[in-house]
Every structure is written in structure tokens, then in C-alpha cells.
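See structure below.
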Amino acid sequence: MRLSSRWSLLPMLLLCVQPLLAGGIAPQDRTMLVRELNSGEQWQWNSARAPSRYSPCSTFKIPNALIGLENGTISLQRNERGYSFIVDPNQPWWPEGWAMKQNLRDALRRSTVWYFQGLARAVGLPTYQRWLRHFRYGNENTTGGVDQFWLGDSLRI
């Protein structure tokens, strides 16, 4: 999979937008800015909130998956990860369907944090740092650690 075509990013972008459209996030907390790089044209949702930076949290599963696919850590055919209660103990707040084997499709659909944390550990921090620079993704800060930087206070978009 190559990221050279903007059309290859369209399906991933649509996955990112789905929570906004589904109404799972309170309207005042919904924010999105999309910029077409060639023309500079922009589309915004909640433009008053858009200038502030926030942790990407679950929206980072999109670039996380793309990075894993691009560097070969996973492929479209080989992307299943086994669940380990030792590495990722089941938490009381976890939704049903997390504490089991996952493939990329299920992990994207369920927003399974442990799957993407495991993927991040397999990919490695230097690779993420390179890709965040390449994407010019937010403040590019990964000091929160390889499996936490998009969930806490370090990476901001």
C-alpha cells in the first residue's frame, strides 16, 4: 500500500468522520478540519474550536493503521493480533468485544485501543517519529511513549 495517492486516504478519512456523523460525540465537542493540500481549500466543522489542539485519541487509529500497513508490520491479508490479558489486562470500562483476538477491520470498527498499542510497539517509536514528520501531524510529540503518545498529553493535533 502506498500513500502517494490522496484517494488512498479517502476511506480512512471516512472512518474518521463516521463518529461525527453518527452523533456519538456531543455537538459542541465535534471538531474537524480537512485541507486539500494542492488547492488549499478547507472544510471545517465547529470552526470556533478548530484552532485549539487536542490529543487525537481514537482518531489516531487511522494514521496508526496506515503506518503499520506502509512499513509492512501488518498487511491487508495479515493483520490479526491475539489478545493477551497479561500484556493488556481487561479493564472494567472496556466495551464488549475488546478482550478477544482482533483483526484490523474489527479493531477499527470497535476502536480497540490495545490492538493499536500492540501495533505501535511492533512498529517502533523511530518509525512513528518519521511518519509524524512526514505527515506534519500536529506537534509531532511522542514523549508519552510508543503506545501512549496519541492517548495522553504529548501528541496534540
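Structural remarks
- In region 46-58, the residue that is surrounded by the most Cβ atoms within 10 Å (Cβ to Cβ) out of those that are among the hydroxyl-bearing types (S, T, Y) and in contact (Cβ under 8 Å) with a residue 60 or more places away in the chain is S55.
- Checking C16 against (1) outside any loop (DSSP other than H, G, I, E, B); (2) of a type in the set (A, V, I, L, M, F, W, C); (3) in contact with a Ser or Thr (Cβ under 7 Å, 6 or more places away or on another chain); (4) modelled with pLDDT of 90 or more, the condition it does not meet: (4)
- Residue ranges of helices (runs of 4 or more DSSP H) in region 64-157 with at least 2 members assigned by TED's automatic domain parsing to the domain that holds L33 and farther than 26 Å from T31 by Cβ: none
- Restricting attention to region 129-157, the residues being surrounded by fewer than 17 Cβ atoms within 10 Å (Cβ to Cβ) and at positive phi number 2.
- Residues of region 88-112 satisfying the condition of being aliphatic (A, V, I, L, M) and either within 12 Å of A65 (Cα to Cα) or modelled with pLDDT under 90 (or both): L104, A107, L108
- The residue of region 37-82 that is modelled with the highest pLDDT, among those that are of a type in the set (A, V, I, L, M) and in contact with a strand residue (DSSP E or B) (Cβ under 9 Å, 6 or more places away or on another chain), is I74.
- The set of residues from region 34-45 being within 15 Å of F135 (Cα to Cα) and of a type outside the set (K, R) comprises V34, E36, L37, N38.
The values are calculated or read from the model by the stated rules, or taken from the named source; none is laboratory data. Here the structure is a predicted model, which is why all the values come from computation and not from measurement. All Cβ positions, even for glycine, are placed from backbone atoms using ideal geometry, and neighbour counts span all protein chains on display.
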